1. Restricted to region A:91-135, and to residues that are of a type in the set (Gly, Ala, Ser) and more than 10 Å from every other protein chain (Cβ to nearest Cβ), which residue is farthest from A:Val207 (Cα to Cα)?
2. Working only within region A:91-119, note down all residues that are under 14 Å from A:Lys175 (Cα atoms) and among the hydroxyl-bearing types (Ser, Thr, Tyr).
3. Going through region A:143-191 one residue at a time, which ones are over 20 Å from A:Leu133 (Cα atoms) and within 14 Å of chain B (Cβ to nearest Cβ)?
4. Please go through (1) more than 14 Å from every other protein chain (Cβ to nearest Cβ); (2) over 20 Å from B:Gln137 (Cβ atoms); (3) outside any helix (DSSP H, G or I); (4) not charged (D, E, K, R) for B:Thr49 and return the number of the only condition it doesn't satisfy.
5. Mind checking which residues of region B:84-101 are assigned to a loop (DSSP other than H, G, I, E, B) and touching a strand residue (DSSP E or B) at 6+ places or on another chain (Cβ under 9 Å)?
6. The conditions are (1) in contact with a Pro (Cβ under 7 Å, 6 or more places away or on another chain); (2) more than 7 Å from every other protein chain (Cβ to nearest Cβ); (3) of a type in the set (D, E, K, R), and B:Asp96 fails exactly one of them. Which is it?
7. Residue by residue through region A:195-209, note down the ones that are buried (at least 16 other Cβ atoms within 10 Å of the Cβ) and not small (Gly, Ala, Ser).
8. Hey, can you tell me all the residues within region B:52-64 that are within 14 Å of chain A (Cβ to nearest Cβ) and either free of Cβ contacts under 8 Å to residues at least 12 places away in the same chain or part of a loop (DSSP other than H, G, I, E, B) (or both)?
Amino acid sequence: MTSKSFWITLFTLGCLGIYLFVSAPPPLDDKKTRQATIPVEQMFTLLQAENAAARLIWTREIVGEGKKSGLKFDEHWRDADLEAGPLPALFLRETAKSMEKSPVRLSLFLGSEYPISPDNLFEGLQQEIFQVLRQTQQAQFFYVPDTGLHTGMFADIAVAAPCIECHNKHEQSPKHDWHLNDVMGAATWMYPASVVTLEDTLKAVMVLHQGIQDAYAAYLEKVKTFAHPPVIGEHWPRDGYYLPSLEVFMQAFLQRTAQHTLPVLGTLSNSRQNNKLKESGHDTVE
Amino acid sequence: MIKSTATRKPQHLAYKLGIIIGIVCLAVLLLPAYDKFHARGPMNTGHDTLKCVSCHQDAPGSLRQQIQANLRFALGLREHLADFGHQAVSNENCLDCHERPNDRHPVYRFLEPRFLKARENLSPQLCVSCHTEHKGQRVTRAELGYCVNCHKKTRLRKDPLDVPHDRLIALKRWESCLGCHDFHGNHIMKTKKAVEQIIPAEKIRAYFQGGASPYGDDRRYKAKKEVNDD
């Protein structure tokens with residue numbers, strides 16, 4: 001390299017360095033790594049408690065009581081000529097589908113080794129992990145390398161009579177001797193990070209709430225097409241041929257989950273504060 | 001042999017002229033009205049009226065911030081690469097128009113761990129695995145028998161078909177699946193009861209390549225852009 005071209009190259013690189021680093025605008029936010037301190041397992045556990053509460057309300061108070069008061073529920077509930085609502089597994093699927101529309105990359109699935117629909121049959125790694133889950137009844141957490149998703153599996157337990165009644169009677173069911181408190185399957189949660197921020201956790205909770213709300217709203221939309229729709233308002237199916245409005249349903253759901261969710265969020269918030277204080281050498285918050 | 005400066009003058013002029021013409025042509029071609037000249041290929045069926053920006057959206061930050069972020073990544077000062085120029089086209093771009101409440105095979109479902117083999121063979125978790133854009137087709141996957149990746153164990157208790165599904169599976173007649181079922185389940189149609197009546201593979205291949213739908217024209221949901229155009 002001649003002396004002239006050396007100086008030109010040096011000058012160009014110098015200008016480029018000043019352009020890119022000295023006079024540069026603020027760096028782009030690397031969102032995926034900012035202030036994440038909460039293990040994703042804790043977020044999954046929180047979300048699963050919320051999901052389990054929603055499933056219990058749907059199964060016991062809408063499907064179970066609704067059947068007694070004349071409402072129908074079916075796997076083909078979306079068919080135009082069928083006046084029915086989604087079965088509990090399909091209510092979860094509606095919730096999960098709504099969640100997928102959100103920019104938060106949170107996924108939820110329900111599966112089993114004896115599903116009514118063969119589409120929900122566990123296979124491979126998921127089946128192996130489900131066996132451990134079924135025996136220990138402890139949530140299982142693992143990483144799926146090809147998708148880069150951190151995964152949590154939680155037991156789906158037969159908590160209400162309608163669960164076992166429907167599965168034992170259903171002609172497509174491969175198992176007809178379910179009992180209350182059996183592990184019927186598992187809910188699988190997936191998220192693309194091993195640690196999350198408190199903000200990420202709050203967003204995930206909001207996305208789940210929105211999913212539950214959308215699933216119930218979809219059912220109410222279907223109900224409005226019935227020849228003789230139930231009255232939608234303050235009352236629940238246990239009172240007769242009624243359905244709670246969207247607001248009443250969500251209020252009941254939030255009342256039940258708040259007792260658990262708010263203290264957990266408080267603990268996560270405190271642990272974040274403690275981490276910050278530790279970093280700055282101060283005493284921690286109890 | 002070294003040419004004299006006088007001999008080089010017209011040569012330099014030609015270079016300069018070429019550069020100017022090149023820049024002008026490039027500037028004109030970059031105008032939105034000439035998008036089709038710099039696309040990678042013809043738009044897929046039904047996408048003729050889409051503009052480039054419908055899918056190719058600007059990446060966050062200025063060009064300088066993007067260069068800076070990627071240099072920081074190269075120097076180990078940043079954990080993730082930043083999009084440069086345009087954001088990567090993703091499922092979300094497709095679903096902005098094609099999301100449907102009744103999709104029988106929504107892409108996200110294939111993210112579940114149990115679909116590992118399907119992901120290895122087909123990548124069905126990505127829209128573009130079957131609908132690669134700029135190919136001038138509808139479905140860019142050539143083979144029809146891809147159902148084999150997930151449905152080897154499919155059994156129906158009340159099978160409506162004259163040759164039961166488990167028999168067809170045992171015979172490995174995977175090309176017959178699409179003869180009755182459209183993958184996303186968006187067509188309103190009655191499935192056939194006799195295998196002899198199913199849609200022949202050639203018609204399905206023609207449909208994949210952009211031809212008329214052998215499943216009929218009644219669809220449960222239209223893509224959002226189509227609805228807006230109506």
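1. Residues of region A:91-135 that are of a type in the set (Gly, Ala, Ser), as a first pass: A:96, A:98, A:102, A:107, A:111-112, A:117, A:124.
If we keep only those that are more than 10 Å from every other protein chain (Cβ to nearest Cβ) as well, we get A:102, A:112, A:117.
Details: A:Ser102: 7, A:Ser112: 24, A:Ser117: 26 Å.
If we take residues in region A:91-135 being of a type in the set (Gly, Ala, Ser) and more than 10 Å from every other protein chain (Cβ to nearest Cβ), then A:Ser117 is farthest from A:Val207 (Cα to Cα).
2. Within region A:91-119, the first condition is being under 14 Å from A:Lys175 (Cα atoms), and the residues that meet it are A:112-118.
Within region A:91-119, A:Ser112, A:Tyr114, A:Ser117 meet the criteria.
3. A:Pro145, A:Asp146, A:Thr147, A:Gly148, A:Lys169, A:His170, A:Glu171, A:Gln172, A:Ser173, A:Pro174, A:His176
4. (2)
5. Selection gives B:Gly85, B:Gln87.
6. Just one mismatch for B:Asp96, condition (1).
7. At the first step, the residues of region A:195-209 found to be buried (at least 16 other Cβ atoms within 10 Å of the Cβ) are A:195-198, A:200-201, A:203-205, A:207-209.
A:Val195, A:Val196, A:Thr197, A:Leu198, A:Asp200, A:Thr201, A:Lys203, A:Val205, A:Val207, A:Leu208, A:His209, listed by residue number.
8. Taking region B:52-64 first, the residues within 14 Å of chain A (Cβ to nearest Cβ) are B:57-64.
Across region B:52-64, the qualifying residues are B:Gln57, B:Ala59, B:Pro60, B:Gly61, B:Ser62, B:Arg64.
The values are calculated or read from the model by the stated rules, or taken from the named source; none is laboratory data. Being a predicted model, the structure only gives us computed values, none of them experimental. Heads up, the Cβs are rebuilt from the backbone with ideal geometry, glycines too, and the neighbour counts pull from every protein chain shown.
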